[in-house]
Structures are given as structure tokens and as C-alpha cells.
Amino acid sequence: MTVALGIPSMPAPVLGARRPTRQLQVGKVGVGSRSPISVQSMTTTLTSDVNATLQQIAELTAAGCDIVRVACPSQDDADALPAIAAKSPIPVIADIHFQPRYVFAAIEAGCAAVRVNPGNIKKFDDRVKDIARAAKDHGTPIRIGVNAGSLDARLLKKYGKATPEALVESALWEASLFAEHDFHDLKISVKHNDPVVMVRAYELLADACDYPLHLGVTEAGPAFQGTVKSAVAFGALLRQGIGDTVRVSLSAPPVEEVKVADQILQSLNLRPRKLDIVSCPSCGRAQVDVYKLAAEVSAGLEGMEVPLRVAVMGCVVNGPGEAREADLGVASGNGKGQIFVKGEVVRTVPESKIVETLIEEALRLADAFDTSALGTGTPEVMAVG
């Protein structure tokens, strides 16, 4: 017997239609409005250490990363690219600054794409013809990655600082140089550490071209601050259908970047939902430690792939209703918890047994889940007041 969990018969609502774009193929991952929004991150290992880099790529892949970027600041790093590109389970983008010869090395190495930062490559405009020819010959897309911290000196002089207009002018100028050589397999990013400036830059860019856009708040900061900045900026843009691939930049292990990006997309119904913990914020009515309860349930179910909604509630006001609406839930009070499965109370257990009971029931539901339903829809948005 199989059970359906949290998957409606109709597609889940989204905030806005995707902006129509050109379509790219980054290895096995489609990038553009006809493909799902992909999640990227970047390795923190020395690229020249092939084994360490591949190990981190494996960890990122397991966390849900679709595309990975590796730094290439030295010849040793460039020499490592063929092995990494060949053995990586997900497409590899080489990140190139300063030395244009590494662009050609990355293309020859079989990287799925190359990111170039024109503001950091000396006389980059003079090399566009050769780069375009090599990329076209190998079918390698190019990302033009403009950053506020490395804007071309000519534009800094013109605008005085990295304004949205300056970022966009830089990106469009470089794209036009590639277009002169009939190369259009481009995606563009215009990153800034200020979400307001970043959002405006992408809005202007989206109005001015049909290239796929890679979203990111650069140097967003430590995990908490960077998560908030990225969520705010991505939400503002994705609401308008702007954005085809994303990277959350955190001063934290790269797996954490993937988790945050994945959760942002899931929250907006732009990626199939997995485990969804619905828990109350707690208040004076709570008769159990909701924070501890929710944390222990989340830890016990970490890694669950099925779209299971679990409600962990701490009082009798909203508890029974929210628990009843979830696939699995508990309404707690007076030292015990009522366990709900698909809207029905299946048992009442002592407070000390709530966590193990929820995990037991969740695993039972997951085992009975009809995996053929995955990908047919996503859970509807649930808000708890």
C-alpha cells in the first residue's frame, strides 16, 4: 500500500511567471526559462588538490547542488581541471580572474562553462574574439560575472561607484563584444553586497536583454546575515520571474549555501518540497519546550527526501488544527502529545515519547510513500500565525 503526502492534484502556485530567456546547456543542466532554477555553490578547497576538491563536490552534490564552481588562480589549478571536470558528478564551472590564458585552459579541460570577470582581466576586451572562438568550438557557455568590488576602472570613473547602472553597463558592453563575434551562449550576473542595489541592477538588466541571469548577493556575510540578505533579494527578483540560477554566498561551509538556496526555492514553490516542519513560535500558552521538540524532530528526520509535512505544536489553541492539516503532527499539552496521521489521532503518548513516536511514524509514512508521485507537484504554501 502506498500513500500520497502533501502533493496536491494541481500544480502549486508560484509568485510570478518566469522571464523568457535564451536557453543554455551547462553540462547536463539546462539554464534558462525553460529549465528549473538551478542551485550553485563554489568549492573552498585548493583546486590543485584534486581529491579534496572532488570530495567537496561530492558533499555539495549530496546536499542538492546542481552546478559547482572552482577557482583557478594558478597554473597548478588549471592543470587540475581536466581530472576534476571528468570525475565530477555535476557540471563544473571554472572561475577565472586576471589571467586570460586560464580561460582557454578551462575550455580545453572540458569544463561545462567558464566564468569571467572582465573587470579583473587585463585588456579583456582585446581577448574576446579568441575566447568566443574557443568557446564556440567546444560548445562551452560563458558567464559574464560583474562584481561591485571589481568593476572596470572606466566605469568607476564614469559613475563614481558601483551603481546599478554601472554594473549593467559593464555586463551589456561585454555581452555586445561576444555578440560581435556571433557568440551568444552567455549568462550574466551583476552582483553587489547591498541587496537593494543588487535587485535594482538585475531589474535593469532583465529589461535590457534576454540572457539567462545568475543571481547572487556577493560577500553577503556570515550565515545568518547572508541568509537574510539573499532571501530578501532573491524573493524580490523571483517574484518578478527574474533569475535562472542562484548562488547564496555565505561566510560558511559551501554545503550551507546549498541548503539555504534550496530552502529559498522550496519556499517559493520553485523547487519540489521535501521535509517541511511546521512549528509554532512558542508563547506563554505553550506547555512543552517547542524549540527543543522541533529541533529534535528536525534532526531526527534530516535528509528525508519525501515531501512530508510535519506539524510540531505546543498548545491547544492552534495545535490540533495545524496537526490535523499536516501529514503528521503532534498537539502537545499537559505532559502528553496527541499524534495525528493524515488528520486522525492515532495515539496519545507521554511528552518523553513524542520525538521518537513522530520519527517512527514519519519513517513509516516515508516507506509507504508512492515515489512515482515525485515531480508531479509541490505542497501548497502553509502559514502559521
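Projecting the Cα atoms of Gly329, Ala362, Ala106 onto the charge dipole of the chain (Cβ charges, centred on the Cα centre) puts Ala106 farthest toward the positive pole. Mean separation of Cα pairs under 8 Å and 6+ residues apart, divided by the residue count of region 207-360: what relative contact order is that in percent? Taking the mean separation of contacting Cα pairs over the length of region 207-360, I get 14 percent. Taking Cβ atoms as reference points and 14 Å as the exclusive limit, the residues near Pro89 contribute a net charge of 0, counting Lys and Arg as +1 and Asp and Glu as -1. Most tightly packed first, judged by the mean number of other beta-carbon atoms within 10 Å of their residues, the peptides 304-311, 187-194, 46-53 read 187-194, 304-311, 46-53. Put a plus charge on the Cβ of each Lys and Arg, a minus charge on the Cβ of each Asp and Glu, and nothing anywhere else: the dipole of the chain about its Cα centre is then about 680 debye. Net charge in the neighbourhood of Asp137 (other residues with Cβ under 15 Å of its Cβ; Lys, Arg +1, Asp, Glu -1) is -1.
Using a Förster distance of 41 Å, how high is the FRET efficiency between Asp194 and Glu356, based on the Cβ-Cβ distance and rounded to 0.05? Rounded to the nearest 0.05, the efficiency is 0.35.
Think of the chain as having a plus end and a minus end, set by charges on the Cβ of Lys, Arg, Asp and Glu; of Pro13, Tyr211, Gln56, Tyr211 sits farthest toward the positive end of this dipole. Karplus-derived 3J(HN,Hα) values for region 192-201, using 6.51 cos²θ - 1.76 cosθ + 1.60 with θ = phi - 60°, are 8, 7, 9, x, 5, 5, 4, 4, 5, 4 Hz; glycine and proline are entered as x.
Label separation (Lys87 vs Val232): 4.2 nm, computed from points 7 Å beyond Cα along the C-beta direction. Read through the labelled values (i) 63, 59, 42; (ii) 58, 55, 47; (iii) 73, 42, 36 and report the label of the one computed as Cα extents along the principal axes in Å from the structure. The calculated read-out lines up with (iii).
The C-alpha atoms of the chain define a longest principal axis, and helix 254-267 lies at about 70 degrees to it. Between helix 354-368 and the chain there is an angle of about 70 degrees, using the helix long axis and the longest principal axis of the Cα atoms.
Peptides 345-354, 165-174 ordered by packing proxy, namely the average of other Cβ atoms within 10 Å per residue, highest first: 165-174, 345-354. A Cβ-based charge dipole, computed about the Cα centre of region 291-337 with Lys and Arg at +1 and Asp and Glu at -1, lands at about 240 debye. About the centre of its Cα atoms, region 157-271 shows a dipole size close to 460 debye [charges on the beta carbon of Lys, Arg (+1) and Asp, Glu (-1) only; nearest 20 debye]. Ranking Arg200, Arg115 from most to least accessible surface, computed with a 1.4 Å probe over the protein chains only, gives Arg200, Arg115. Sorting the segments 95-104, 294-303 by their residues' average number of neighbouring beta-carbon atoms within 10 angstrom, most packed first, yields 95-104, 294-303. Subtracting the Cα-Cα distance of Asp207 and Ala62 from 0.36 nm times their residue separation leaves 48.6 nm of extension gain.
The values are calculated or read from the model by the stated rules, or taken from the named source; none is laboratory data. Treat the numbers as computed from the prediction; the structure is a model and nothing was measured. Because the Cβ atoms are built from the backbone with ideal geometry, glycine has one as well, and the counts that use them run over all protein chains shown. To get the accessible areas, we keep the full protein, side chains included, count just its heavy atoms, and leave off ligands, DNA and RNA. Shrake-Rupley method; radii C 1.70, N 1.55, O 1.52, S 1.80 Å.
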